[in-house]
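Worksheet: one structure, shown below.
Nothing in this text is a laboratory measurement; each read-out follows from the coordinates by a stated rule. Predicted, not measured: the structure shown is a model, and the values here were computed from it. Glycine also receives a Cβ, built like all others from the backbone with ideal geometry; neighbour counts cover every protein chain displayed.
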Amino acid sequence: MDSSFLEKIFISQFGAINPPWIHKDVFYKLPFNFCDRWCKRCKLSNICRVYQKEIESEKKFIKQGIDPKSTKAMFLSMTKSFEETKKLLEKDMKKMKIKIIEDDDKKFEIEENKKDNLVKNDHLTQVSKKLAISLVKLVEDLHYYFLEETQKEIKEPLRILNYYMYFFSVKIQRAILSDIEEKEMKYEDTTFDSKNSAFLSFISIIKIINSLKTISNFKNLHRKINLEILNLISLFENLNFVLKERFDLEY
């Protein structure tokens, strides 16, 4: 891979990553649209509205005697978010004189199910899910292998694998769904979400590959585990090649 590309996307950075096709002004106004949600490592958390709102919400929960990391807090936050979204939609619908009838609701549900099935049956979705499962199994094997004490040089790559083991697959499915929806839109109305989601998956896979290579270089690693790692590296490299071609991830 072209080293200038890696420099351009700040490969060492976690959190918000600027896709080359997104103007910097847009990026700095909406960093949460281009992030992996690893907020504690993100250099832009101080300007991220989503992160700041979460911090405010956590403080409110603590004052109310609610654990901000609890399931109760999660559902309360989701309820509030849905209510705010509903109000915004109702306001815009009233402004645009749009009315939803029962037939529209049924038609929408049918269309959404159709899209979900297209995403589910897409070969890229199936491959990414299988790779995610393989990566989870490998991480479990590595934790078991280093059960007594994880070596210092392995801890960081293991953290990265733990964080991205599902992320890349979820973002690929988002990219496929957005691609389907964008084909129904006028070009000027598209937000490039399919390309952005594919890009974030692409970057997370690079981080996965780099972490796997670091672990593979560990001298005391069992040969069988090392072979498994090398095989996964090859598969992830192939996956990124497909992502780059399919979603035109130019650099």
Worksheet item: Taking the inverse of the average 1/r across all pairs of different Cα atoms in segment 117-251, what Kirkwood radius in Å do you get?
Response: 15.8 Å
Discussion item. If I take every Cα pair under 8 Å that is 6 or more residues apart in segment 101-251, average their sequence separation and divide by the length, what percent do I get for the relative contact order?
Written reply: 26 percent
Discussion item. Please give me the summed charge of the neighbours of residue 238: other residues whose Cβ is under 14 Å from its Cβ, Lys and Arg +1, Asp and Glu -1.
Written reply: +1
Practice prompt. Take the alpha carbon gyration tensor of segment 15-99, find the square roots of its eigenvalues, order them as a ≥ b ≥ c, and report rounded if a/c is under 1.5; if not, report prolate when a/b exceeds b/c, else oblate.
Written response: oblate
Worksheet entry | Loop-located GluC sites (Glu not before Pro) in segment 181-251, at most 10 other Cβ atoms within 10 Å (DSSP) | 184, 250
Worksheet entry | Qualifying trypsin sites (Lys or Arg not before Pro) in segment 158-237, DSSP loop, other Cβ atoms within 10 Å at most 12 | 183, 186, 219
Worksheet item: Dipole magnitude of segment 101-251 about its Cα centre, charges +1 at Lys/Arg Cβ and -1 at Asp/Glu Cβ only, in debye to the nearest 20?
Response: 1060 debye
Item to complete: For segment 153-227 and segment 69-138, write down the distance between their C-alpha centroids in whole Å.
Response: 21 Å
Item to complete: May I ask you to list, by number, the DSSP H helices of the chain whose Cα span along the axis is at least 27 Å and whose average Kyte-Doolittle hydropathy reaches 0.5 or more?
Response: 193-216
Worksheet item: What ranking do 38, 21 get, fewest neighbouring Cβ atoms within 10 angstrom at the top?
Response: 21, 38
Item to complete: Calculate for the chain the 222 nm mean residue ellipticity that helices alone would give, adding -39,500 (n - 2.57) per DSSP H run of length 4 or more and normalising by residue count, nearest 500 deg cm²/dmol.
Response: -23000 deg cm²/dmol
Worksheet item: Past the 31 Å Cα-Cα mark, which pairs from 43/171; 60/107; 63/171; 129/213; 59/120?
Response: 60/107; 63/171; 59/120
Worksheet item: If you keep only loop residues by DSSP, which GluC sites (Glu not before Pro) in segment 89-161 have at most 13 other Cβ atoms within 10 Å of their Cβ?
Response: 148, 149
